[in-house]
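Quick notes on the structure that follows.
The values are calculated or read from the model by the stated rules, or taken from the named source; none is laboratory data. Not measured: the values here are computed from a predicted model. A quick note on method: Cβ atoms are made from the backbone with ideal geometry, for glycine too, and the neighbour counts reach across all protein chains shown. Heads up: the accessible areas ignore ligands, DNA and RNA and are worked out on the full protein's heavy atoms, side chains in. Shrake-Rupley method; radii C 1.70, N 1.55, O 1.52, S 1.80 Å.
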Amino acid sequence: MSATRTGAHLVVGALAAAGVRQLFSLSGNQILSVYDATLGRGLSILHTRHEAAAVHMADAWGRLTEEPGVALVTAGPGHCNAISALYGALMSESPVVLLSGHAPTAQLGRGAFQEMDQAAVAAPVCKASWMAKDAARLGEDIATALDLARSGRPGPVHVSLPGDLLEAKVAAGDGARAPRREPPVAAAAAEVEQALALLAAARRPVILTGGAMARGARRDAVARLGEVTGAPVLPMESPRGFNDPWLHLAAPLLAQADLLLLLGKKPDFVVRFAQPPAVAAGCRVIQVDADAASLRAGAALGIVADPAVVADQLAAAARGRAWGHRAWGEEVTRARATAPGAWAEARRSARTPIHPLRVCAALQPHLDRGAILVADGGEFGQWVQAGLEAETRLINGPAGSIGSAIPMAIAARLRHPDRPVLAVLGDGTFGFHAFELDTAARYRLPIVTVIGNDARWNAEHQLQIQHYGADRTVGCELAPSRYDRLAAALGAHGEHVERADDLEPALDRALRSGLPAIINVAIEGLPAPTYTGTAKSH
Ligand SMILES: Cc1ncc(C[n+]2csc(CCOP(=O)(O)OP(=O)(O)O)c2C)c(N)n1
Ligand SMILES: [Mg+2]
């Protein structure tokens, strides 16, 4: 143990000064100096079995706290392993900082071990991405990354940390600075009035959010605007967008809207580009976005400002005025909460294999009592997202990428040790990060994994049936494997369920076991529910 201060101490000092207490990581020789520097600094390392899992955990942490989740991985292949998970964080607007070890600057261009242009690799899936250049300024690099991740439209930020800078001696003083919380930009009074005039002129307005605006304090601000004006608020959190099965019978109503107020929601594929035929011809669009580059020409009004602040401004200015949207708003909200009539029977069904909604019926009481839902993966994931209501829900989101549920559930449990966490996912998806159950066991984080096992990659199988015909399905079969038997090796509790009546007792045993649990449920591989009849794109 040496008292020498190094660049690694500046990194750790800056993280600690910003209030970061948790790192999600997988070791590697370029980052061992950072591991060493964490000792005695109140910074815990939760170490995973794959770098992507560390980033999924940081993503979940970011979404649950709205403070940056920090992942630390090694150079080259470790960095590359982390990249796919950054995409999920980017699309869900989750504040994440990825710190990657990097080949020493002194050896760059000479074929150093694991040398590659890491900043360029991460750039397309980050708000900002760079390589640190100066050991003395490493603290500043970290503070800047944390500030950027949480500001404006939150998202992932990457900094590569060359091993020689981390190990370089630096002068006394850890260079840490307090986070810079720039006051968010508000709209001009005239813009607020213009937006309210458009809202007042509309007969069937809908407020659309998504990403960061659908979470935490931002979500509450939008909800208040909805309450004051009566306009319905719908979060767009699924890559299936207007066809998100969670929208239930509200999905077909979206085509009747004559005004869309996009609060931080980009007019992208998720909202079918806010254009006909998905929205009515003549439907007007108001866009409020922190990022001017996200504004689209052709909107009736575009405001560059913090959408949550603007929601507050609009609500304050709208209060006390007459609004005629309440009946429409209630219609949409009721439709959102109304599932098709046939679902009630499916939720009670004793059929074998088990209907996905029967699984939902077994899970819902736990969510009602405060469990956190982490839903992921394919058609089963869509049924689960449609069939369950949860106060706290993490879903794989508009990235449309599968595999994040188990690491996200682990981070959720770490954050909320008193709440059960249910990770509900398809059998194909389970394979991505099943080994993180070992991580859950090591850290005594007893998440419950519920696998809908239909022995296939059903989402793709269904698309093949739809597009190519039932006789041309290929490459989407899996085995009806007994994933519950992995439990024995991973220090987990295992359950296999084939009969509907066995679901509730299996869940109770799993929750009572105090261990991470795998419940392998033999389900019927049904296509995800749709209500609009529009072809789905994922
Ligand atoms: C990272 C990633 N790889 C592949 C896909 C394509 N994909 C989407 S859903 C799906 C099938 C998932 O299978 P499973 O988890 O068993 O759920 P099921 O559809 O069978 O209910 C696949 C392969 C994706 N969305 N993301
Ligand atoms: Mg499957």
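Quick notes on this one:
- Prolate/oblate/rounded label for region 141-205 (Cα gyration tensor, a/c 1.5): prolate
- Relative contact order of region 1-137, pairs being alpha-carbon contacts under 8 Å that are 6 or more residues apart, as %: 22 percent
- The value given for the chain is a Kirkwood hydrodynamic radius of 24.3 Å, derived from the mean inverse Cα-Cα separation.
- On a per residue basis, the chain carries 39 Å² of accessible surface, using protein heavy atoms and a 1.4 Å probe.
- Heavy-atom accessible surface of region 166-221: percent carbon and sulfur, 1.4 Å: 56 percent
- Each label was represented as a point 7 Å from its Cα along the Cα-to-Cβ direction; for Ala337 and Ala280 these points are 2.5 nm apart.
- For Leu39 and Ala123, a Förster radius of 22 Å and the Cβ-Cβ distance give a FRET efficiency of 0.10, rounded to the nearest 0.05.
- Number of Lys pairs (Cα under 28 Å; 8 or more positions apart or on different chains) in the chain: 5
- Length added when fully stretched, Thr65-Arg512, from 0.36 nm per residue minus Cα-Cα: 158.2 nm
- FRET efficiency, 1/(1 + (r/R0)^6) with R0 60 Å, evaluated for Ala171 and Tyr468 via beta carbons: 0.35
- Site pair Glu227 and Ala201 shows an inter-label distance of 3.0 nm when each label is modelled 7 Å from Cα along Cα→Cβ.
- Counting only protein heavy atoms and a probe of 1.4 Å, the accessible surface of region 345-480 is 51% carbon and sulfur.
- Under-5 Å amide H pairs with Ser44, H placed in peptide plane, nonlocal only: Gln22, Leu23
- When the solvent-accessible area of region 1-54 is split by element, carbon and sulfur atoms take up 53 percent of it, the probe being 1.4 Å.
- Stokes-Einstein diffusion of region 11-101 at 25 °C, 0.890 mPa s viscosity, Kirkwood radius from Cα pairs, rounded to a whole number: 193 µm²/s.
- Backbone N within region 277-301 under 17 Å of label point (7 Å from Trp323 Cα along the Cβ vector): 286-288
- All Cα pairs of region 390-519, percent lying beyond 26 Å: 25 percent
- DSSP finds beta bridges in the chain, and of those with both partners inside it, around 5 percent are antiparallel.
- Based on DSSP H segments of at least four residues, each scored -39500 (n - 2.57), the chain has a per-residue ellipticity at 222 nm of -11000 deg cm²/dmol.
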